[in-house]
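Coordinate-derived values only; no laboratory data. Quick caveat, the model's predicted, so the values are computed rather than measured. Quick reminder, even Gly has a Cβ in these numbers, built from the backbone with ideal geometry, and neighbours come from all protein chains shown.
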Amino acid sequence: AFLAGAAALAGLVREVRAHLRRSSPPRVWTWRRMGALLAHGGIAVMAVAILASTAFQVETSRSLALGESAHLAGYTVRFDGLDWRRVPGATEVYARVSLFRGDRFIRQLEPGRRVYDGNMAEFGATTEVALHRHPEGDVYVALAGWEENGRRAAFELYVNPLVSWLWIGSSLMLLGTVLALGCAAEARALERQARVRVLEQASRLSQAPSSGAALAQPTPGVR
């Protein structure tokens, strides 16, 4: 994704420099080309992000005792305990999980499972996945179950590389598309104005010979 983004940026810079070397470059055309390059660069970034997130996804399932840790793709997940709380319309059991990158503490995550009140209870518990976003990859932690009165819990752990770049690429594509379409509309307006000016000038030129001929005619009675 980084290489695709850099390639798109390099292409954009080359296009701008090429237009600036020309005499009086068309401003609308230049911005329209920049928009097209941004859109294509965004598509390239999205393609690389989708490929990386599907081909290089890392996942594992672990049962951790209180204070025990699991390691996954450079991250460490430590189980710090189990608790419960009331949320609107449901009771949630959640785990306190500390996330580390190497020896550096990043944040605490709270994956959980919710049981809803009333008629919704018949659908069973729902899983509330805890998420940590990072440009290199997103970390997902899901609580699968527990035993021993909460002193042991089962987790599903995932690391998806470059997921954030999927949203960055889609934003670049959207920005480039809007820029290109906006400039295209402006270009059409300028073309209409140019056609009007050409028609007006042609009309003035067509009237000029008839006026000249009228001036050249001799006055009656003058020899």
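Arrange PHE123, PHE105 by Cβ neighbour counts within 10 Å, fewest through most, would you?
PHE123, PHE105
For region 76-142, divide the Cα radius of gyration by the Kirkwood radius and give the resulting Rg/Rh value with two decimals.
Radius of gyration over Kirkwood radius for region 76-142 works out to 1.07.
May I ask for the net charge around PHE105, where only other residues with Cβ less than 14 Å from the Cβ of PHE105 are counted and Lys, Arg are +1 while Asp, Glu are -1?
Counting the neighbours of PHE105, the net charge comes to +3.
Just to be sure I follow: if Rg is taken over the C-alpha atoms of region 43-121 and Rh is the Kirkwood radius over the same atoms, what is Rg/Rh?
We get a ratio of 1.11 for region 43-121.
What value does region 97-176 have for Rg/Rh, both radii from Cα atoms and Rh as Kirkwood defines it?
1.11
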